[in-house]
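Peer 1: Dumping the structure here so I can ask a few things about it.
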Amino acid sequence: MTARRALWLLALIGLLGVAAGLSLAFGARVTGWQDLRNALAGQVDTMGQAAVASRIPRTVLAALAGAALGLAGGVMQGVTRNPLADPGILGVNAGAALAVVIALATVGLDSAGLYILVAIFGAGVAAVTVYTIASLGAGGASPLKLALAGAALSAALASLTTAVVLPRADIAGLVQSWMVGGVGGATADRIAPVLPFLALGLALSLLSARKLNLLALGEDTATSLGEHVWRARAMAALGAVTLCGATTAVCGPIGFVGLVVPHLARLLFGVDYRWILPASALAGAALLLMADVAGRVAARPAELDVGIVTAFIGAPVFIWIVRRRRIAAL
Amino acid sequence: MIALTHIRRRDARRRHIALSLLGALTLGAALLTLSVGQTVTPLPRVIAALTGTAPDFTVSVLRLPRAVLGALAGMCFGMGGVAFQTLLRNPLASPDIIGISAGASAAAVFCIVVLGLSGAAVSLVAVGAGLGVALLIYALSWRDGVAGARLILVGIAVAAMLQSLVAYLLTQAPSWSLQEALRWMTGSLNGARLAQAAPLGTALALFGGALLAIRRDLETLRMGEDMAAGLGVRTGRTRLVTVCAAVGLVAFATAAAGPIAFVAFLSGPIAARLLRRGGSLLIPAALTGAALVLIADFAGQVLLPARYPVRIVTGVLGAPYPVLFIIRDNRTGGSL
């Protein structure tokens, strides 16, 4: 079993490598192998090499964002024990977006670190709100209630975001393009401030893998096995929220990656979160890279923002999950 | 027997009171829209302007189209929404939640931005697309019959996909068509023209009339498919007419005013709460929708610090309502 899992993990790493290579090679122009190799060695002499060099930050950002969103989705599905949990569907990304837009409109934010903290705060508030709403009433936080609470909150947050932006023509253009969700225009300067937050979120999430395994047995069993259920949930959720908030701060809200990837990981690796979480991170990075490449190739010479591509990949998967389950399980 | 007659009479009285209350509210909101804006026009002058005795530019050119279009769109949204909710026997199955409004929006933006169409052609395509999306959602959620929860979840996913399509199309829009295309996304009565009222009014009369003609069958269908068939309702035909008419109403209203968030969803339950029980909800919901749109638009125009399109107001104010539903755990709820 472990050998098979290790093999799948290697396959995922290989896939990630291929996706990163494609992301470096494809764009408005296709770069040859020679240019690719020389550019990675640091040369920027030809057009092709310059193109590759300019694609490096974007590729790094797509891989980081994909890994963070995939991991966050896996953790959220574990914490809520809900197959439909995803930072986009639960409104967490929308919360981060609103917080950033409010901060931009009122105080103008010039420090990158502050910007990310604000996004994480917004993501956290949205996550807690959605979960609280869905837990109220009989039956606890069922997938239907969570999805509806998320959809309703997202609609309200989107309206509020528009309300904040509308009177401010000066930031409207910036916000409009950021709200679609994309990794284009990445630079090393924009990626660097987010790294510590991603590292923190990664550590918290991976450390909670064992706790998520216990939570999966049910609250009562986990408690009787000596787990502090609420402390475990809080820690895992903090990790996921940090990852979502930091990603949204840089890329804008990107949906559905966190939904799709953990299901794939579960198909390949079974139910153990110590395997699901790392696999989700790897697969998320590969998925976002490939979605970004697809967006660049499909609309050449313009490009399709990656948030749009992931919605088109993710929504059918969502429908597939809904159809596969008996309605009682929803 | 006497008790039953008594209850019936009381319900009928309650219905009359609620209906006149809603009518008065709608009328009041319309008059408010006509008389208050950047400047305040006293009521007698509004009436004089409307009857044509003393023409007033502000009232009849700036404010009248807004009031008329808002009222008509609200009626269409309210009636279309409650028809869906009644047919699917679930208050959450409203066209704005399950993606039908998003389908109409996406098709319209596609026509404007990519094909360069405008006017009536766009509305027709929007209606077609709304119907197509309704069919698609129904087919995708079919598994030994359609369960309400599955249909709603599938609808949420389809809506998300369509909204991202709209977002993409808007980034592609040349600047001259962006304004028109944006209206399909934001939902606003800004730029309302009296010429838009004619097609919307026709749609309301046509589709609303069709719904009213089968309202008894629709009510019977609420008791369940088998029961309705047993009572002599041609269930297939009733469903078909209801879906077509409701999609038509929602799509035409979307064409005129954009997808105004949550109006279709809210009108039915509010009307149901006002009426308590008995009778068709179609007309009360239509009045509620009109009042909602007019009041929200008024709030966005006059009461708030900046001038906001109506959808922003309904979006923010309407969101707590689905939350209330979730808290009440009315997820498979048989009635509204």
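Peer 1: I need A:CYS251, B:CYS244 ordered by Cβ neighbour count within 10 Å, fewest first.
Peer 2: The fewest-first ordering by Cβ neighbours comes to B:CYS244, A:CYS251.
Peer 1: Quote the convex hull volume per residue of the stretch B:10-145, based on C-alpha atoms, as a whole number of Å³.
Peer 2: Details: hull volume 22.6 nm³, N = 136.
Per residue, the Cα convex hull of the stretch B:10-145 comes to 166 Å³.
Peer 1: I've got another one for you. What share of all Cα pairs of the stretch A:1-110, in percent, falls into each consecutive 10 Å distance bin?
Peer 2: P(r) for the stretch A:1-110, in whole percents per bin: 12, 25, 27, 25, 10, 0.
Peer 1: Express in % the proportion of alpha carbon pairs of the protein assembly as shown at distances exceeding 41 Å.
Peer 2: Percentage above 41 Å: 31.
Peer 1: If you don't mind, another one. Provide, as a two-decimal number, the C-alpha radius of gyration of the stretch A:172-330 over 2.2 N^0.38 Å, N being how many residues it has. Write down the numbers at each step before the final one.
Peer 2: Values: Rg = 17.6 Å, N = 159, 2.2 N^0.38 = 15.1 Å.
Ratio of Cα Rg to 2.2 N^0.38 Å: 1.17.
Peer 1: What is the Cα centroid distance between the stretch B:50-101 and the stretch A:1-77, reported in whole angstrom?
Peer 2: Between the Cα centres of the stretch B:50-101 and the stretch A:1-77 lies a distance of 50 Å.
Peer 1: Using every Cα-Cα pair within chain A, state what percent have a distance larger than 31 Å.
Peer 2: Details: 16608 of 54285 pairs.
Within chain A, distances greater than 31 Å cover 31 percent of Cα pairs.
Peer 1: As an exercise, take the mean of 1/r over every pair of distinct alpha carbons in the stretch B:18-61, invert it, and state the Kirkwood radius in angstroms.
Peer 2: Working: mean 1/r = 0.0910 Å⁻¹.
Hydrodynamic radius (Kirkwood, Cα only) of the stretch B:18-61 equals 11.0 Å.
Peer 1: Two decimals is fine: what's Rg over Rh for chain B, C-alpha atoms, Kirkwood radius as Rh?
Peer 2: Details: Rg = 20.0 Å, Rh = 20.4 Å.
Across chain B, the Cα-based Rg/Rh ratio is 0.98.
Peer 1: Among A:ALA11, B:LEU162, B:ALA139, pick out the residue whose Cα is farthest towards the positive end of the charge dipole of the protein assembly as shown, where Lys and Arg carry +1 and Asp and Glu carry -1 on C-beta, about the Cα centre.
Peer 2: B:ALA139
Peer 1: Ok, one more. Quick check on the exposure proxy: order B:PHE110, B:PHE207, A:PHE121, B:PHE57 from fewest to most C-beta atoms within 10 angstrom. Could the numbers behind the result be given before it?
Peer 2: Numbers: B:PHE110 20, B:PHE207 25, A:PHE121 17, B:PHE57 9.
So the ranking, lowest neighbour count to highest, is B:PHE57, A:PHE121, B:PHE110, B:PHE207.
Peer 1: Same structure, new question: Once you keep just the Cα pairs under 8 angstrom separated by 6 or more residues, what percentage relative contact order results for chain B?
Peer 2: Working: 540 pairs, mean separation 104.6, N = 336.
After rounding, I find 31 percent.
Peer 1: How tilted is helix A:306-324 with respect to the longest principal axis of chain A? Cα atoms for both, answer in degrees (0 to 90, nearest 10).
Peer 2: Its long axis makes an angle of about 30 degrees.
Peer 1: Once the Cα atoms of the stretch B:70-133 are picked out, what are the Rg and Dmax in Å?
Peer 2: So, for the stretch B:70-133, Rg and Dmax equal 12.8, 39 Å respectively.
Peer 1: For the protein assembly as shown, what is the calculated [θ] at 222 nm in deg cm²/dmol (nearest 500), taking -39500 (n - 2.57) for each run of four or more DSSP H residues and dividing by its residue count? Before the final figure, lay out the partial values.
Peer 2: Working: 30 runs with 488 residues, N = 666.
Computed ellipticity for the protein assembly as shown at 222 nm equals -24500 deg cm²/dmol.
Peer 1: Using only C-alpha atoms and all pairs of different ones, pull out the Kirkwood radius for the stretch A:248-330 in Å with one decimal. Before the final figure, lay out each step's value.
Peer 2: Details: mean 1/r = 0.0720 Å⁻¹.
Hydrodynamic radius (Kirkwood, Cα pairs) of the stretch A:248-330 is 13.9 Å.
Computed from the coordinates by the stated procedures, all read-outs in this text should not be read as laboratory data. Since this is a predicted model, take the numbers as computed values, not measurements. Glycine also receives a Cβ, built like all others from the backbone with ideal geometry; neighbour counts cover every protein chain displayed.
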